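Following: one structure in structure tokens, then a few remarks.
The values are calculated or read from the model by the stated rules, or taken from the named source; none is laboratory data. Predicted model only: the values in this text are computed from it and were never measured. Please note: Cβ atoms are built from the backbone with ideal geometry, for glycine as well, and neighbour counts cover all protein chains shown. These area figures cover heavy atoms from the full protein model, side chains too; ligands, DNA and RNA do not enter into them. Shrake-Rupley method; radii C 1.70, N 1.55, O 1.52, S 1.80 Å.
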Amino acid sequence: MKTVDKILQRLKKFGSATAKELADEFSMTTMGARQHLQGLEQEGLITFFDERVKVGRPTRHWKLSALGHQHFADRHADLSIQLIEAMENTLDQAAMSAVIRAREENSFKHYQTSLNSVTTIKEKLEKLTTLREQEGYMAELLDADDGDFLLVENHCPICRAATKSQTLCQSELQIFRRLLGTQCTVDRTEHIIAGQRRCAYRITVND
């Protein structure tokens, strides 16, 4: 993978970074990192904001632009939207809901089969995170406060389709809740469709 692609991946996953942070991570000079960043800025893929510090000049942080986020768009998004529009034009609401429920059921069974081999909540979440990562969600599992977990998805390969039919997003949340059952409470705390950088699900283990 080219260095510029690694930089874009890094910004997509973590939100922002300084030139020095990128230089340290990818074993290059800070000047070299700045050159890559300037090239990406000229292409319109990234932008920056300056953060004030107590001493010295503000620190420059780089992040993806709207065009940069589109760089990660699902290659099948156009087809997905066309299919959704075709279904909306030919099916009534009940039939459309049935199609989405069928997709939810297929995804649930696939995840459930994979999670059957593990027992603890943490193991289940780690397995689910791996499955979502393999599907292109750039997923990671983080420890939150009070013993909770945070399942973060830095990219949504169905984002454009979900924008067209937001029932798909509700279906994703429902799958997680079904998989973890009464052992956990699952809440979506960040949502790409709502304009946030990522989707995040807080998982609270019930006593």
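Computed quantities for the displayed model
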quantity: Any hit, the stretch 101-112, residues being polar (S, T, N, Q) and at pLDDT below 90; calculated: no
quantity: Sole residue being under 18 Å from ALA66 (Cβ atoms) and open to solvent by 10 Å² or more (accessible area, probe 1.4 Å), chosen from ARG198, ARG177; calculated: ARG198
quantity: The stretch 18-75, residues that are in contact with a strand residue (DSSP E or B) (Cβ under 8 Å, 6 or more places away or on another chain), polar (S, T, N, Q) and not in a loop (DSSP other than H, G, I, E, B); calculated: THR47, THR59
quantity: Close pairs (6 angstrom Cβ cut-off, 6 or more residues apart or separate chains): in contact (Cβ under 8 Å) with a residue 40 or more places away in the chain and over 17 Å from GLU172 (Cα atoms) in the stretch 110-126, open to solvent by 40 Å² or more (accessible area, probe 1.4 Å) and in a loop (DSSP other than H, G, I, E, B) anywhere; calculated: none
quantity: Conditions (1) more than 17 Å from THR120 (Cβ to Cβ); (2) touching a Ser or Thr at 6+ places or on another chain (Cβ under 6 Å); (3) part of a strand (DSSP E or B): number failed by LEU141; calculated: (1)
quantity: Subset of the stretch 148-161 (residues that are outside any strand (DSSP E or B), open to solvent by 10 Å² or more (accessible area, probe 1.4 Å) and farther than 21 Å from ARG101 by Cα); calculated: ASP148, HIS155
quantity: Residue list for the stretch 120-138, filter: of a type in the set (Ser, Thr, Tyr) and assigned to a helix (DSSP H, G or I); calculated: THR129, THR130
quantity: Residue check for LEU64: at pLDDT 90 or above, of a type in the set (A, V, I, L, M, F, W, C) and crowded, with 18+ Cβ neighbours inside 10 Å; calculated: no
quantity: Count of the stretch 162-171 residues which are assigned to a helix (DSSP H, G or I), of a type outside the set (Ser, Thr, Tyr), open to solvent by 10 Å² or more (accessible area, probe 1.4 Å) and in contact (Cβ under 8 Å) with a residue 12 or more places away in the chain; calculated: 3
quantity: Unique residue being in contact (Cβ under 8 Å) with a residue 12 or more places away in the chain and open to solvent by 70 Å² or more (accessible area, probe 1.4 Å) when the list is ARG101, ARG132; calculated: ARG101
